[in-house]
Amino acid sequence: MASMRDIKRRKGSIQSTQQITKAMKLVSTVKLQRAKGRAEQSKTYFDCMYETVNSILQRVGDMQHKYLQPGATGKKAIIVITSNRGLAGGYNSNVIKLVTQGGFSPEDCVIYAIGKKGKESLARYGYPIQADLSDMIEDPVYVDALNLSNKLLDGFAAGEISEIYLAYTNFKNTVVHIPKMLKLLPVEVAKQEVEEKAEKEGPTIPMNFEPEDEEALNMLIPKYITSLIYGAMVEAVASENGARMQAMDSATSNAEEMISKLTLMYNRARQGSITQELTEIIAGAEAIS
């Protein structure tokens, strides 16, 4: 059995850790409320944007457009949104698994890392880091998403990038966060979804564009992609704080349980020490008499 001094030292160490986890939980709770409100406010707009663009693309038929056709050359670009800090449970590792276990080979991909944890982990797996955009996740703004979108679209148009993906964590509620991998370019429309809609609503009316279809899509799709990137960053921040709050709450509870066990061990060791001293005193008194 460990000595009373060792038990007391370990108990003190755990109590110090518990104070840190409690503080981190409180900070994450405050940040979560702000991030949650921001995510909920923007969610309606981005959901509407996603549904509208998909509805339009379902009506364009087999149009030949640079954003609807797969690139013949170039690598797959993956935007990976993680956090700059750890202690958030499986938040970061779940996003990284979308890449490492999603059939993406390091030889065929380049990573645009928004978040230091994703950049560091994917670099260890051998994935080339094309850009480190970790500062963007600290305070997501639309202009940062716009600049990244323009850079990716330029690479796609130049043939340097054949496909563009987005890996992030979808914020459903405070305790549910779902890792997602979205394909941004070339834009794909699910045929099954179109067929089911046609069966339910009847034949689809062809889409007429004003101005011309190519010019309209040249304006619409970049805004669509920028909106998805920005929306993903906003939801990722809320998911990160929710995951960290849960992780710190679990750590605090575990620390409390360990402290209770150590307190019991300390009391037993102390009682054993007192009993031994009494036995020695009694034995000494008997020997003298």
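The values are calculated or read from the model by the stated rules, or taken from the named source; none is laboratory data. All figures in this text were calculated on a predicted structure; none of them were measured in a lab. When we count neighbours, we look across all protein chains shown, and the Cβ atoms used for this are built from the backbone with ideal geometry, even at glycine.
List of remarks:
- The sole residue among ALA145, ALA123, ALA88 that is under 16 Å from ALA232 (Cβ atoms) and not acidic (Asp, Glu) is ALA145.
- GLU160 meets the conditions (1) over 29 Å from ASN54 (Cα atoms); (2) surrounded by 14 or more Cβ atoms within 10 Å (Cβ to Cβ) in every case but one. The failed one is (1).
- Residue within segment 199-221 that is modelled with pLDDT of 80 or more, part of a loop (DSSP other than H, G, I, E, B) and surrounded by 16 or more Cβ atoms within 10 Å (Cβ to Cβ) present: no
- Subset of segment 116-129 that is at negative phi and surrounded by fewer than 20 Cβ atoms within 10 Å (Cβ to Cβ) - its residue that is nearest to the chain's Cα centre (by Cα): LYS116
- Residue count for segment 98-112, restricted to those that are within 18 Å of GLU235 (Cβ to Cβ) and of a type outside the set (A, V, I, L, M): 1
- For segment 65-81, filtered to residues that are modelled with pLDDT of 90 or more and either among the hydrophobic types (A, V, I, L, M, F, W, C) or more than 28 Å from the chain's Cα centre (by Cα) (or both), the residue that is farthest from ALA113 (Cα to Cα) is ALA77.
- Filter result for the condition that a residue is farther than 24 Å from ARG244 by Cα and either surrounded by fewer than 17 Cβ atoms within 10 Å (Cβ to Cβ) or under 19 Å from the mean Cα position of the chain (by Cα) (or both), over GLY102, GLY89: GLY102
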